[in-house]
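Inspection log for the structure reproduced underneath, given as structure tokens.
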Amino acid sequence: MTAHTTASVNSAAGINDRNRSETMKVILFLLKCVVGLFATLGFALVLVIGFSLSTVRDDIARFDYGPEPLPERIVLQLDLANGVSEASPQSPFGRASQGRGMALRDLVDALSRASSDPRVAGVIARVGRGSLGISQVQELRDAIADFRATGKFSVAFAESFGEGGNGTLHYYLASSFEELWLQPSGDVDITGIRIESPFIRGLLDEYGVKPRIGQREEYKGAAGFLTDRAMSAPVRRNLQQLVDSWLTQIVEGVADTRGLDQDDTRALIDRAPLSAADAKDAGLVSQLGYWDAVLESVLPGEESGSVNIRDYYAALERESSEGPIIALVHGVGAIALAESDDGAFGSSEIMGSDTIADALSTAIDDPNVAAIVFRVDSPGGSYVASDTIWREVVRAREAGKPVIVSMGGLAASGGYFVSAAAERIVANPATITGSIGVVSGKVVLDDLWSGFDIAWDGVQAGRNADIWNGNRDFTSQQWQLLQTSLDRVYADFTQKVAEGRGLPLSQIMTSAKGQVWTGRDAKDLGLVDELGGFATALKLARNAAGLTEGQPHQLKVLPEGSSFEDLIRDMLAGDFSGPGINGLVRSLARFAQVVAPFLEAVESVTADPRSRTLEAPQLRVTQ
């Protein structure tokens, strides 16, 4: 190779190096822009929306935009395509994200009040679409049954029950209405219920990721998707019992309200999907027709006034402002040592021990609060956070204030832990509860990193400073420490359940071991006192508070919701916390935490070496 050629190659190499360097700098710049965008977007959105609403608030106030006057004859309309939430969000952003959907308690209350409202002639519901849980369906079925008992009509309509999906739960709800209409082109996909989970152990093994998890005991399958390649035999038996109980409840409910034999109903489920014509012939559907035909049937004259149930509820007078107070505390989402988050901005709902413990403490300290209804809808989470909430339930009972737990669709593991000390526990027949067990550990990534020729090294002070470090496996001593911790937590959990339920520990141990139960089965085991929804829990709370039939009470939701005005005032004072905001900040922080080391590494590669002559090594401190 000639000198000229060598010089050309060197020159080209230099150009390529510079191009690569410039490209890396562009990539680095773009990544930083993305992080910056995520970091500022939430704050900017808060300011823009907040100040906009604050600006127009006075203008809006000039007009009286109160609810439209209700007609003399009302037919309520309910569209479940908007979904049903467990509780009304506490933050303004959460309420905005809820859209036209309603909270389950508000919907049930609206139907209850409509049943005694002489202006309301009946209700018509559009079903077949929208997210519904089986426990929510059961509370709504009970509300429809009470509504029908007053002699008012009820009609359900669906284009289809499960177009491309499973319509079992929507049909389960629709079957409780007096009339059930189905579009002629629709199907009835009452095919049953299936529970499944991905098992990624094979994928983890392929990439050298080692799950190191301990559990108490064999039915505690929360980490099985990491540790196993398929359901373990105990977990499979337990979950099969769960879905069998659900299907039995559905069969019983459908057969009862549609006037069918239970064996015939189960046979129809096993034959499904069914065409509209077959469903009508089998008695599953009352009429075949389109929405316009339903309206013509229900609203034949001008004297009939159709009112959306949300608007109807908004126009009603609020709850009584007289009598003793019954506090309602909503605990929704995974339990964490944090403030609660209602899931605004797409974050996960969190039952924060800070928020819930404070709400319970407020109810305890308020001399006007006679009883507490604690609505729990949670898969559990942190043991310590659960214990913090449990302590406030105990304190309430010690202060002479009865706590009635009303379980939503899921109140298991930590969700059961926080409920165990209540005076009475109420669950829907289909509520998932129990799961009295413990699981903990970590996922070890050292083989994964080595596959990418990445090595982690460091120093530590303290023999077990790396016990939770995902880049190193447990030592034998650390693994034994984990087992000791699991034994301690499991013993504490089961003991507190036994004390709270007033049952022998030996009896609790047979229903523990991580097993999940439906509310119906849990009642037979003594883990639940009554079957029913919020209305049942409220009646028990009134009884516990010594209220007589007809005596008024006030229902006070804790913690109280905030407004946009409150949010802006807090932000201007430097407080950027609150439901929704906390979730956004956590999400952004997690994103930045993952991306930051890579940004630092790219920046180190592309920077001028002389600019870092006196720079300390980049260290990540872990606990």
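The values are calculated or read from the model by the stated rules, or taken from the named source; none is laboratory data. Please read these numbers as outputs of a predicted model, since none were measured by experiment. Reconstructed Cβ throughout: ideal geometry from the backbone, glycine too, with neighbour counts over all protein chains shown.
Just a few scattered comments:
- Answer from Lys220, Lys210 - the residue that is basic (Lys, Arg), more than 28 Å from the chain's Cα centre (by Cα) and under 30 Å from Phe474 (Cβ atoms): Lys210
- For Asp365, the conditions (1) exposed (fewer than 14 other Cβ atoms within 10 Å of the Cβ); (2) more than 21 Å from Lys539 (Cβ to Cβ); (3) at pLDDT below 90 all hold with the exception of (3).
- Members of region 267-296 found to be surrounded by 19 or more Cβ atoms within 10 Å (Cβ to Cβ) and in contact with a helix residue (DSSP H, G or I) (Cβ under 6 Å, 6 or more places away or on another chain), listed by number: Val285
Per-residue answers, yes or no, for (1) on the phi > 0 side of the Ramachandran plot; (2) in a helix (DSSP H, G or I); (3) modelled with pLDDT of 85 or more; (4) touching a helix residue (DSSP H, G or I) at 6+ places or on another chain (Cβ under 8 Å):
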| site | (1), (2), (3), (4) |
| --- | --- |
| Asp64 | no, no, no, no |
| Pro71 | no, no, no, no |
| Ser97 | no, yes, no, yes |
| Arg100 | no, no, no, yes |
| Leu107 | no, yes, yes, yes |
| Ala110 | no, yes, yes, yes |
| Pro118 | no, no, yes, no |
| Ala125 | no, no, yes, yes |
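- Within region 390-401, residues that are in contact (Cβ under 8 Å) with a residue 24 or more places away in the chain and assigned by TED's automatic domain parsing to the domain that holds Ile372 sit with their Cβ atoms under 8 Å from residues that are among the hydroxyl-bearing types (Ser, Thr, Tyr) and not in a helix (DSSP H, G or I), at 6+ positions apart or across chains, in these pairs: Val393/Ser419.
- So Thr536, is it hydroxyl-bearing (Ser, Thr, Tyr), part of a loop (DSSP other than H, G, I, E, B) and either surrounded by fewer than 19 Cβ atoms within 10 Å (Cβ to Cβ) or at pLDDT 55 or above (or both): no
- All positions within region 334-345 that are surrounded by fewer than 23 Cβ atoms within 10 Å (Cβ to Cβ) and either closer than 21 Å to Ala363 by Cα or modelled with pLDDT of 85 or more (or both): Ala334, Ala336, Leu337, Ala338, Glu339
- First in region 230-249 and outside the structural domain of Gly519 (by TED's automatic domain parsing), second anywhere and surrounded by fewer than 17 Cβ atoms within 10 Å (Cβ to Cβ) and among the acidic types (Asp, Glu), Cβ under 6 Å, 6 or more apart: Pro234/Glu218
- Filtering Ser419, Ser450, Ser435 for residues that are polar (S, T, N, Q), touching a strand residue (DSSP E or B) at 6+ places or on another chain (Cβ under 6 Å) and more than 17 Å from Asp529 (Cβ to Cβ) leaves a single hit, Ser435.
- Of the residues making up region 454-494, those that are of a type in the set (Val, Ile, Thr) and free of Cβ contacts under 8 Å to residues at least 60 places away in the same chain are Ile454, Val459, Ile467, Thr475, Thr484, Thr494.
- Residues within region 514-528 that are farther than 16 Å from Gln249 by Cβ and surrounded by fewer than 20 Cβ atoms within 10 Å (Cβ to Cβ), tallied: 2
- Restricting Ser185, Ser197 to residues that are touching a residue at least 24 places away in the same chain (Cβ under 8 Å), outside any helix (DSSP H, G or I), closer than 30 Å to Leu268 by Cβ and in the same structural domain as Asp292 (by TED's automatic domain parsing) narrows the list to Ser185.
- Any hit, region 260-272, residues being at pLDDT below 95 and not charged (D, E, K, R): yes
- One residue stands out in region 135-158 among those that are in contact with a Phe, Trp or Tyr (Cβ under 7 Å, 6 or more places away or on another chain) and over 22 Å from Ala87 (Cβ atoms): the one that is surrounded by the most Cβ atoms within 10 Å (Cβ to Cβ), namely Ala156.
- For region 159-184, filtered to residues that are of a type in the set (A, V, I, L, M) and either within 19 Å of Leu111 (Cβ to Cβ) or in contact with a His (Cβ under 6 Å, 6 or more places away or on another chain) (or both), the residue that is surrounded by the most Cβ atoms within 10 Å (Cβ to Cβ) is Ala174.
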